[in-house]
Amino acid sequence: MANIASAQKRIRQTLKRTMRNKARKSRVHGAIRKVEEAVASGNKEAAQAAFRAAQPEMQRAVGKGVLKANAVSRKLSRLSARVKAVAAA
């Protein structure tokens, strides 16, 4: 355990930030899972609604520095293509 006050404070801040980032990542993964489940069920409206809900959550994670911009862009592109395939079918 750290003896210096500033080091103790850094530990507290790191724990808080880690929990916050973990929660953000979990929300993103949950949103992606909902889109994939809707696509698998073949429900066009549900897939589009889930995608619309997932998009801002993923972008927010990028803005907060939890996920990389290119990774989220790639995931959004692939999810969008899958949602469009359901809508076309």
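Since every read-out is calculated from the coordinates, none of them should be taken as a lab result. The structure displayed is predicted, hence computed values, not measured ones. Backbone-built Cβ (ideal geometry, glycine too); neighbour counts: all protein chains shown.
Tell me whether the stretch 72-84 contains one or more residues that are free of Cβ contacts under 8 Å to residues at least 60 places away in the same chain and within 17 Å of residue 22 (Cα to Cα). Full working, then the answer.
So the first thing to find is which residues in the stretch 72-84 are free of Cβ contacts under 8 Å to residues at least 60 places away in the same chain, and the list is 72-84.
Filter once more, keeping what is within 17 Å of residue 22 (Cα to Cα): 72.
Yes, the stretch 72-84 has at least one match.
Pull out all pairs, ordered by first then second residue, where Cβ-Cβ is under 7 Å, the residues are six or more apart or on different chains, the first lies in the stretch 41-61 and is of a type in the set (A, V, I, L, M), and the second is outside any helix (DSSP H, G or I) and crowded, with 16+ Cβ neighbours inside 10 Å.
If the second residue must be outside any helix (DSSP H, G or I) and crowded, with 16+ Cβ neighbours inside 10 Å, the pairs left are 61/67.
Take the conditions among the hydroxyl-bearing types (Ser, Thr, Tyr) and over 15 Å from the mean Cα position of the chain (by Cα) and apply them to residue 6. Does it pass?
Yes, satisfied.
Checking the conditions here, which among 13, 59 is of a type in the set (S, T, N, Q) and surrounded by 13 or more Cβ atoms within 10 Å (Cβ to Cβ)?
Exactly one residue qualifies, and that residue is 59.
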